Amino acid sequence: MNTLNLILILAVAGLVVWVWKLRKENSELKIAMMENLFEGDDNDCPVEVSEAQEAKEEKKRQIVEYLKTNGKASNNDIENLIGISDSTATRYLQELEDEGLVLQEGQTGHAVFYSLK
């Protein structure tokens, strides 16, 4: 029975590692896709994007670049970085978290930091 338990534990551990790698690759792919969004000719994009949407995506890209460079950031760091309000910084960070690019560490107040997944 001990051998069976060991095999089961190793299988579960292998599955956990595999899922973790898939999530990391997915995050890296999303970052690369976001970076590619800002490269190339405007004619490459089949969908019309408003100037406001483009500006918003550029600010989100700046947040991702900041996190790549610094490892983590608070909401105040993001506010100061791109000159936006507290609620806008919170919304952008939430959108990046929903897109699977950013991970929130902490729950409330000054204990909350964000990092890349």
Task: Counted charge near Lys72, where neighbours are those whose Cβ lies closer than 14 Å (Asp, Glu -1; Lys, Arg +1) - done: -2
- [ ] With the cut-off at 16 Å, report for region 53-116 the share of all Cα pairs above it, as a whole percent.
- [x] 35 percent
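Readers should treat all values here as calculations from the given coordinates under stated rules, not as data from a laboratory. This one's a predicted model, so the numbers in the text were calculated from it and none came from an experiment. Note: ideal-geometry Cβ built from the backbone for every residue, glycine included; neighbour counts use all protein chains shown.
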